[in-house]
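Note sheet for the following structure.
The values are calculated or read from the model by the stated rules, or taken from the named source; none is laboratory data. Keep in mind that what you see is a predicted model, and the values were worked out from it rather than measured. Neighbour counts are summed over all protein chains in view; Cβ atoms, including those assigned to glycine, are modelled from backbone coordinates with ideal geometry. The accessibility values were calculated without ligands, DNA or RNA, using every heavy atom of the protein model including side chains. Shrake-Rupley method; radii C 1.70, N 1.55, O 1.52, S 1.80 Å.
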Amino acid sequence: MLYKSTRSDAPARYTAAEVIKMGQAPDGGLFLPETIPTLSPKLVEQLRRDPYPVRAAKILSLFLTDYTYEELLEDASAAYSEASFPGGAAPLVPVKEGLYSLELWHGPTAAFKDMALQLMPRLLSRALKKTGESNTALILVATSGDTGKAALEGYRDVEGIKILVFYPSDGVSRVQKLQMSTQEGSNVGVCAIRGNFDDAQSGVKAMFGDAAMKEELTKRGFFFSSANSINWGRLAPQIVYYVSAYCDLLDRGVCKPGEPFHVTVPTGNFGNIFAAYIAKQMGIPIGRLICASNQNNILTDFLRTGVYDRNRPFHLTMSPSMDILISSNLERLLSLIAGPEKTSVYMQALRDKGVYTVEPEIRDQIGRSFLGYYADEATTARTIKALYEGAHYLCDTHSAVGFSAALDYQKETGDHTPIIVASTASPYKFATDVYTSFTGTAPSDELGALDALAARTETAIPYPLQGLADRTIRFTEIIEVDAMPEAVRRFLQ
Ligand SMILES: *Cc1c(COP(=O)(O)O)cnc(C)c1O
C-alpha cells in the first residue's frame, strides 16, 4: 500500500514508513492511502476472538504493508499492555438502552490521545530503521497541557528518539503541570516558558523553520520531527477501536453481523471522527457519523451549510481540547469526496480568507454519512449531571459534548439504532468542571477536586492521576520565550 497527498493527483509513491517519518506531504497536504482496504466477514469473525493488540496488528497490517505482521504485533502488544491499559484498551461500556460508551481513556495519561501516542512512537522508531535514517529524531512539542503529557509518555525511552516539551508556565492546570514535571524517562525534557500557548507554539515553529539550526542539528546527529495529530501514524491506530467496538457489539448481541450502529465523536480537529469514517469505508456497518462540537461549533455549521468559516469568536470552554477553529483532518475527507484539485482550492481559500464553501453536491455527499450537533457550556454541564443521576454513568466534559449530541439525535429522529459515543477523557482529568457540573459549586482546589469527586460518586481515581502530589519533580526550569533554542541545545548535550 502506497500513500499520496490530499492535494495531488500524482500516483501514490510514499511507503507507510516514509509517511510516518515525514508527517506532512511536501506540497503541504496530508497523506492518504491510495485505496481503503476492506475487511472480509471472515476477518471480522477472527477479530471477534482476538484481544485488542491482535485486533490492532491485523487491522494495521492492511495499511502499513511495509511493516511485518510480527513487527506490528510486537508494537501493539507493548503499546496496549496490561501495565499501560489495566483491564484492556478501548472497553465498550453500556450506558443505557441503545447507548454505549467507547472508553478510550484507560491509558497512561487518562485521555484518548494515548490510544495513538502509545503506538506511533514505536512505528516511527521502526520507520527510521526502514528508511535508513542514522540520525536521532528530536521531537519538539508545544502544548497547552494534554498532548504534551501524552507525547512524553508515548516517546519515553523509545530508541532513536528524544523529546522536549514546552508549555506555558501559567497556562496549564496544576494537575497538568504536575503530570509533566514529574515525567520519567531517559530521553525526555520538559520546559516551562514565560508566555502563553501561542508563544510556545510560535517558538517551536520558528525552530522547525530555522535553516541554520537545522544544519547545526544535523552536524550533531539529530533531525527535527513532530508529534502532530495530522501524522498518519497517529490516525491509523484510531481506526482500530471502531472496528473493535463493532466486534464487541456483536459479542454482546446488540447487533447481528451487518446490522448498523451509529457513532458519535466529540471532535475539534476532525481526526477521531475521520478514523471512524475510514472504518465505515472498510465495511464496518456504521450508519451515521455524528460530529459533536462545543461552543466552537465551526464543524456543526460546516456540516449544515457547506460553509467553513473561521472568522468567528474563539471561545474558551470546559472542553479545552476541542477549542479549535482549524479542523486539519477535514482536509482528508474533502480529498476523498471532492478530489485533490478542489481540496487545494478550498485550502488556499482557508489560508487567504479564512473561509471556503463546498458545492451543494459535495455537501450532500458528506451529509449522507455525517451529521453535526453542538453543546454549549450549560448543556454540557447539564448532560454530565443527567447521565450520572439518570444512568449512573460519570463522564468528562468532552465526552459529555458527545453524549449531548447523541441524545439530541435520538430525540430529533426517534431512531432506535444503537449509538456508540467515543469517550475521550477520564472524568478525573477534568475533575473541577465535572464536580462543579453536578454540585453547582466549585471545589476549593484542583487536586482536592479529585478526592471530592471520588467520594461523591464512589468511583476510583485512575492510576495515572493517583498520588500526583507525592511524585518526584524532575523539571523545574522556567525560561523566556527567546531562550527556547538555547534550551534545545542544552537538552541535546
Ligand atoms: C484531543 C482531544 C479531543 C479532540 O480530538 P480530535 O482529534 O480533535 O478529534 C477530544 N477530547 C479530548 C479529551 C482530547 O484530548
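In percent, what relative contact order does the chain have, based on Cα pairs under 8 Å that are 6 or more apart in sequence? The partial results should precede the final answer.
Values: 935 pairs, mean separation 88.3, N = 493.
Relative contact order here is 18 percent.
Per residue, the chain exposes 39 Å² of solvent-accessible protein surface, assessed with a 1.4 angstrom probe and all protein chains in place. Note on segment 204-285: Rg/Rh from C-alpha atoms, Kirkwood Rh, equals 1.26. Peptides 367-373, 46-52 ranked from most to least packed, by the mean per-residue count of other Cβ atoms within 10 Å: 367-373, 46-52. Relative contact order of segment 291-338, taken over Cα pairs closer than 8 Å and 6 or more residues apart, is 33 percent. Rounded to the nearest angstrom and listed largest first, the equivalent-ellipsoid semi-axes of segment 99-153 from its Cα gyration tensor are 27, 15, 7. What base-10 log of the normalised intensity I(q)/I(0) is obtained for the chain from the Debye formula, alpha carbons as equal point scatterers, at q = 0.10, 0.13 Å⁻¹? Results for the chain at q = 0.10, 0.13 Å⁻¹ read -0.75, -1.37. For K411, the lysines whose Cα comes closer than 19 Å to its Cα, not counting residues fewer than 8 places off in the same chain, are K96, K385. Can you tell me what share of the DSSP beta bridges in the chain is antiparallel? A percent to the nearest 5 is fine. Here the antiparallel bridges make up roughly 25 percent for the chain. Sorting H392, H398, H315 by solvent-accessible area of protein heavy atoms yields H392, H315, H398, largest first, with a 1.4 Å probe.
When you restrict to C-alpha pairs under 8 Å that are six or more residues apart and normalise by the size of segment 367-446, the relative contact order lands at 31 percent. Taken along the Cα-to-beta-carbon direction at a fixed 7 Å, the label points for A83 and S202 span 4.2 nm. Directionally averaged projected area (segment 114-186, Cα convex hull): 4.8 nm².
Quick one: pull the percentage of alpha-carbon pairs in segment 218-261 with a separation above 17 Å. Value for segment 218-261 (Cα pairs over 17 Å): 57 percent. The average projected area of segment 230-364, computed from the convex hull of its Cα atoms over all directions, is 8.9 nm². Sorted largest first, the spans of the alpha carbon positions of segment 1-145 along the three principal axes are 48, 39, 29 Å. Which lysines, on any chain, are close to K205 with Cα under 25 Å apart, when same-chain ones fewer than 8 places away are left out? Here the lysines satisfying the reach criterion relative to K205 are K4, K21, K113, K149, K162, K177, K214, K219, K353. The order of H262, H106 by accessible area, most exposed first and with a 1.4 Å probe, is H106, H262.
With the biggest extent put first, the Cα atoms of segment 434-493 measure 48, 23, 14 Å across the principal axes.
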